[in-house]
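Below: one structure, written as structure tokens.
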């Protein structure tokens, strides 16, 4: 059985990678065509657009991974069924449970791959893509380092530790210089919120002023400043919660809770990242009933059509529950687990009905 398990797993794995490659290539092509509208604005060139799309490809692959697993499994196992390989295996005494176990093993490997992709590859790639696009379009000065983001605004240099999805700035340091490039004032704020236009409100401010022969430090609850950071630059610094790593999401949730801010969107993104690898396994097991139940009837095209419908159905149901849960104040964990559980039960029910 170990030899057959490796053969089944290899077939599913290779077909999944093939489907994923095709879907990512098509999605990247359409995205590149859409980016051509921005070419010529600022320093945004065709080369920049191409690099931007290439940097976004890990994120595209992460989003399409569950659907690719479903279609790849249907394609690979469907080809084995059409060649009567599955029938021969069953005639040799290999049960459907054993075949499903072999598919589940490769599913665990695919779960690990999508988890690594979403945690270590996609977040930095998405961040670099957004920074590249924003810098080219807005022509704003922005540098990212280990200490956060650095930007120049008039005679001030601004350091931002973190940009939350709602555009709240956390850990803002402002260095103000005089006409002779001498440091005049350092302002630190725990967070900054954009109020109207170019006006920003700084909260929990510590302000240090440098005089000729002394310095003064004062603490202020609130302080308003203008032109803190360019709006387009800020859009580029902010990364969508879905593109962040689980570690960063935990950090964001902790910050929002400590400051009594709404953390529901971030928690939803965290639970989505947790359930996405599990949805890969569920999509894989969901393909088995359609393959085993139709070994003597139906074509590969029909199986692919069913797979597309199932993939679209899961995507729509998942989005529906997550948005309804967020709008009605439901637990993010429940909102993300309901679609996963529903389709998991469908796969189990389908497997039990196979003779």
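The values are calculated or read from the model by the stated rules, or taken from the named source; none is laboratory data. Model, not experiment: these values are computed from the prediction. Please note: Cβ atoms are built from the backbone with ideal geometry, for glycine as well, and neighbour counts cover all protein chains shown.
Considering only residues that are more than 13 Å from residue 124 (Cα to Cα), buried (at least 20 other Cβ atoms within 10 Å of the Cβ) and modelled with pLDDT of 85 or more, which ones fall in the range 242-262?
Listed by number, the list holds a single entry, 249.
Whether any residue in the range 294-307 is over 20 Å from the mean Cα position of the chain (by Cα), under 18 Å from residue 63 (Cα atoms) and modelled with pLDDT under 90 is what I want to check.
If we filter the range 294-307 for residues that are over 20 Å from the mean Cα position of the chain (by Cα), which is where we start, we get 294-307.
If we keep only those that are under 18 Å from residue 63 (Cα atoms) as well, we get 307.
If we keep only those that are modelled with pLDDT under 90 too, we end up with 307.
Yes; the residues of the range 294-307 include at least one that is over 20 Å from the mean Cα position of the chain (by Cα), under 18 Å from residue 63 (Cα atoms) and modelled with pLDDT under 90.
Between a first residue in the range 311-325 that is more than 21 Å from residue 267 (Cβ to Cβ) and a second residue that is part of a helix (DSSP H, G or I), which pairs have beta carbons less than 6 Å apart while being 6 or more apart in sequence or on different chains?
Final answer for the pair search is 311/67; 311/70; 314/343.
Per-residue answers, yes or no, for (1) buried (at least 17 other Cβ atoms within 10 Å of the Cβ); (2) within 27 Å of residue 129 (Cβ to Cβ); (3) modelled with pLDDT of 85 or more; (4) not assigned by TED's automatic domain parsing to the domain that holds residue 125:
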residue: 167; (1), (2), (3), (4): no, yes, no, yes
residue: 173; (1), (2), (3), (4): yes, yes, yes, yes
residue: 182; (1), (2), (3), (4): no, no, yes, yes
residue: 186; (1), (2), (3), (4): no, no, yes, yes
residue: 192; (1), (2), (3), (4): yes, yes, yes, yes
residue: 196; (1), (2), (3), (4): no, no, no, yes
residue: 221; (1), (2), (3), (4): no, no, yes, yes
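In the range 18-46, how many are surrounded by 15 or more Cβ atoms within 10 Å (Cβ to Cβ) and in a helix (DSSP H, G or I)?
Step one: of the range 18-46, the residues surrounded by 15 or more Cβ atoms within 10 Å (Cβ to Cβ) are 18-20, 23-24, 27-28, 31-32, 35, 38, 42, 44.
Remaining after also requiring in a helix (DSSP H, G or I): 18-20, 23-24, 27-28, 31-32, 35, 38.
Summing the residues that are surrounded by 15 or more Cβ atoms within 10 Å (Cβ to Cβ) and in a helix (DSSP H, G or I) in the range 18-46 gives 11.
Go through 103, 121 for me and flag whichever is in contact with a helix residue (DSSP H, G or I) (Cβ under 7 Å, 6 or more places away or on another chain), modelled with pLDDT of 95 or more and on the phi < 0 side of the Ramachandran plot. Steps first, answer last, please.
Working: 103 fails: modelled with pLDDT of 95 or more.
Going through 103, 121 in turn, just one is in contact with a helix residue (DSSP H, G or I) (Cβ under 7 Å, 6 or more places away or on another chain), modelled with pLDDT of 95 or more and on the phi < 0 side of the Ramachandran plot: 121.
Looking only at the range 198-217, count every residue that is more than 36 Å from the chain's Cα centre (by Cα) and surrounded by 10 or more Cβ atoms within 10 Å (Cβ to Cβ) and tell me the total. It would help to see each step written out before you state the result.
Within the range 198-217, the first condition is being more than 36 Å from the chain's Cα centre (by Cα), and the residues that meet it are 207-217.
If we keep only those that are surrounded by 10 or more Cβ atoms within 10 Å (Cβ to Cβ) as well, we get 207-210, 215-216.
Selection size over the range 198-217: 6.
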